[in-house]
Every structure is written in structure tokens, then in C-alpha cells.
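Trainee: Please read through the structure below; I'll follow up with questions.
The values are calculated or read from the model by the stated rules, or taken from the named source; none is laboratory data. Treat the numbers as computed from the prediction; the structure is a model and nothing was measured. Virtual Cβ from ideal backbone geometry, glycine too; neighbours counted across all protein chains shown. Areas reflect the complete protein model, heavy atoms only, side chains present, ligands, DNA and RNA absent. Shrake-Rupley method; radii C 1.70, N 1.55, O 1.52, S 1.80 Å.
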Amino acid sequence: MPRDAGRIANANATILCALPRDIPARPDDDAAREQLYTRVRGMHRRDEDVRLCLRDFNLGRLILRRTNARIDTELQRLANDEPTGLHSRRSEYSGHPVFLVVRHPGN
């Protein structure tokens, strides 16, 4: 049974990976910044703050087509521009950036 499941899964993966897709064009800096900001603003919650790390953008890397350093720079800029929505600090342990999407106050 497990061998059959593995064989079926591999056959299915081969079919799915074979679908033709174009690689999306690299967005210009303004478009990439707006996509990043939209994603961060969409993370706001009413009941809790949300910790945000650069690795959270790994799945969107193909769309943003930006390095960690560039994403870090843009998140720092957003934190400076909108300090009531995003806080940033450096981790005491690793020195890597840590961002906190601040909860929205209730209406």
C-alpha cells in the first residue's frame, strides 16, 4: 500500500510540474514595495500582534523577486513610515531583524 501511494504521488507530481507556466516578470521597485506593504497590512489582527520574519516571505519570493536584504530594507522603511502598524527591532540572539505587526484597536 505505501509503495502504491508513493508511486501515485510521484506520478501526480510529475504531471503537475509539467504544466507550462511562464515565470512572472520582475516587478519594478514601486510595484514590489506595494505588494510587500499590502501583504503586511493584510496581516493586521484586532486581537493580537503578529510576529513577522523574513522567512515568512519565502513563498512569495518568486513574485517579489527580491533578496532578504531588500525585503528587510523595505520593511524597515514601512516601520519608519507607519510606526503604529509595524514595529521593528533586532533580535538579541541572532541580530536578525524581527518585525511585529501591531494589532488594530477595536472599533
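Trainee: Just checking, does segment 72-88 include any residue being loosely packed, with under 14 Cβ neighbours inside 10 Å and modelled with pLDDT under 80?
Mentor: no
Trainee: Shifting gears a bit: List, please: which pairs have Cβ atoms under 8 Å, are six or more places apart or on different chains, and start with a residue in segment 59-75 that is more than 11 Å from LEU36 (Cβ to Cβ) and end with one that is outside any helix (DSSP H, G or I) and open to solvent by 60 Å² or more (accessible area, probe 1.4 Å)?
Mentor: Note: pairs meeting the criteria are LEU62/ILE23; ARG65/ARG26.
Trainee: Output the residue which, of all residues in segment 89-107 that are part of a strand (DSSP E or B) and open to solvent by 90 Å² or more (accessible area, probe 1.4 Å), is farthest from ARG39 (Cα to Cα).
Mentor: The qualifying residue farthest from ARG39 (Cα to Cα) is ARG90.
Trainee: If you go through segment 50-60, how many residues are surrounded by 14 or more Cβ atoms within 10 Å (Cβ to Cβ) and not aromatic (Phe, Trp, Tyr)?
Mentor: Residues that pass the stated criteria total 5.
Trainee: Next question. Search segment 42-71 for residues being of a type in the set (A, V, I, L, M) and in a loop (DSSP other than H, G, I, E, B), and hand back the single one that is modelled with the lowest pLDDT.
Mentor: Filtering first and then ranking leaves LEU59.
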